[in-house]
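These notes concern the structure reproduced below.
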Amino acid sequence: MKEFKRILTITMITIFITTILISCNKKVIATSSRITQGQPVKVGVLLNRLNIDYIPLVRQNLEEIQKENQGKVEFTFFYAEENQATQDNTINSLLKEGVDLLLLNIVNIGDTQKVINKIKEYNVPVILFNREPTPIDAIRSYDKAYYIGTDSKEAGMFQGKILVDEWNANKLNIDKNKDNTMQYVMLQGEKENLEAIGRTKYAVSVINDAGIKTDEIALRIANWDKELAKDAMEALFLKYGNDIEAIIANNDGMAEGAIEALQKYGYNKGDKAKTIAVVGIDATPIAQDLIKKGYMTGTVVQDAPAMAKALYTIGMNLAYNKNPLEGTGYKFDDTGVSIRIPYKKYSEANN
Ligand code: CA
C-alpha cells in the first residue's frame, strides 16, 4: 500500500509538471515563435468601418511604418462594416492561425469584455484604439490589453475656440438675428460614444465660458456619416433656414455633408453674408480644401500619424514581451492602461 501511494504521488507530480511545461510551451507558440525565428511581427488590424475620415488615415500611416520597417512588422487590415459578429469571426481566425498582436477598433464597445476574454485565452497582446470602452475595467482585466485614444474634451475645446474667435472677429455676419446669442445645430457622431459626448459637451462649454450665450436649435445623431448629416441638415434648413448661425459637427465627414446641404440652398459658396459657420474635427483633405475656399470655418487635427506611431511602438513592445512603454515617451493616464494622443488646432499655416 505504501509503495502504491509513493508511485501515485510520483505519477501525480509528473503529470502536474508535464501540464505546466505544455502550457508554458503553448504560450511561447501562441505569441512569439515567429518573432524568435526572425520573422516580422504579425499584426491583425481590425477596423470598424472604412468610411470614417480618421480611420483610413491611421491605416495609411501604419502602411508607411511597415514600409520604413521592412521585415520587422506585417500589418493585415480587416473591416467589420459595423458588425461585431464579423469582427469576432476575424479575431477567432487570427487567433487560431497565430498572430503576435491585435490592434482593435472595436465595433461594439459593450462587447469589450467578451472579446478580451477570447483574446486572453490565446495570450495575445491587444491594443484597443479610437473607440473607448466604458468602463475601462474590461481592459484592466487582462495584463496584455491597453487602450490608445484621444482626449475628447480637448477636441471639443479646440472646436469651441474656433467659433469663439469667429464670433469675435466676424460677429456681424454670424449673429444674424442680432440677439447676442449663437443659435447652433449639433451633429453628433453617436449617442452613447464617449468621444462623441465629450466633443459635443466641451465645444459648447468653451463658447459659453468665453461669455457667448448659445441656443441649441437641434441636435442630430448622424453616425459620423456624411450622407446622414446631409439629409439631417437639409431637413433642418427647410425648417429653420436663416435662424441657424453655426453648425458644430463631431467630425469633418458630417461637416462636409452639412455644407453640401447648405450649398443646395445657395449658402456657403463664398459670400460671407450667406455663410453659416461650420466646424468639424479631423482636418481631412476635403475639409482643408473647404476651409481654403471659405466654405467651412475650421477643423481640429486628430493626429493620425501620432496614433499610428503609438500603436506601432507600444504594440512592438508588447509583441516582444517588454514593458509597453519601454523606450517611449508615452505616459498612462489615471486609468493606468490608457494613452492619450493630443489633438492639434488646424490652421492653414502649418498644413
Ligand atoms: Ca443669434
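Here, each number is a calculation from the coordinates, and none is a lab measurement. Nothing here was measured: the structure is a model prediction, and the numbers come from that model. Cβ placement follows ideal geometry from the backbone for every residue including glycine, while neighbour counts extend to all protein chains displayed.
Mind giving me the FRET efficiency for Glu81 and Asp289? R0 is 35 Å, r the Cβ-Cβ distance, nearest 0.05 is fine. Could you put the intermediate results ahead of the total?
Values: r = 27 Å, r/R0 = 0.79.
The calculated FRET efficiency here is 0.80.
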* Starting from the exponent 0.38 and prefactor 2.2 Å, build the expected Rg for segment 59-190 from its residue count and divide its actual Cα Rg by it. => 1.48
* **Distance between modelled label sites at Lys72 and Tyr330, nm, 7 Å Cα→Cβ extension** => 1.5 nm
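Would you please report the Å³ per residue occupied by the convex hull of the alpha carbon atoms in the chain?
On the way: hull volume 54.9 nm³, N = 351.
Spelled out: Cα convex hull of the chain, divided by residues, is 156 Å³.
Among Lys42/Lys67; Lys309/Lys344; Lys153/Lys269, which pairs are too far apart, with a Cα-Cα distance over 19 Å? Can you show the working numbers first?
Working: Lys42/Lys67 14 Å; Lys309/Lys344 16 Å; Lys153/Lys269 31 Å.
Result: Lys153/Lys269 exceed 19 Å.
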* Considering the dipole of segment 85-227 built from charges on the beta carbon (Lys and Arg +1, Asp and Glu -1) around the Cα centre, which of Asn180, Leu103, Ile148 is farthest to its positive end? -> Asn180
* Distance in nm between pseudo-label sites at Lys344 and Lys213 (7 Å out along the Cβ direction from Cα) -> 3.9 nm
* To do: Take the Cα of Tyr265, step 7 Å along the line toward its Cβ, and report every residue of segment 284-298 whose backbone nitrogen sits under 17 Å from that point.
  => 296
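Stretch Lys114-Glu227 to full length: gain in nm at 0.36 nm per residue minus the Cα-Cα span?
37.4 nm
Using a Förster radius of 25 Å, what is the FRET efficiency between Glu97 and Glu64 based on their Cβ-Cβ separation? Nearest 0.05, please.
Values: r = 25 Å, r/R0 = 1.01.
The pair Glu97/Glu64 has a calculated efficiency of 0.50.
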* Can you give me the span-like helices of the chain, meaning DSSP H runs with 30 Å or more of Cα extent along the axis and Kyte-Doolittle mean at or above -1.0? => 2-36, 152-174
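Highest mean first, what order results for 206-214, 296-304, 266-274 on Cβ atoms within 10 Å?
Details: 206-214: 15.8, 296-304: 24.3, 266-274: 13.0.
Those peptides, ordered most packed to least, come out 296-304, 206-214, 266-274.
Do the sum for the chain: with -39,500 (n - 2.57) for every DSSP H run of n ≥ 4, divided by all residues, what is the mean residue ellipticity at 222 nm, to the nearest 500 deg cm²/dmol? Intermediate results must be reported in sequence, preceding the final value.
Values: 11 runs with 170 residues, N = 351.
It comes out at -16000 deg cm²/dmol, rounded to the nearest 500.
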* Point-to-point label distance, Lys239-Thr181, nm (Cα→Cβ direction, 7 Å offset) -> 1.7 nm
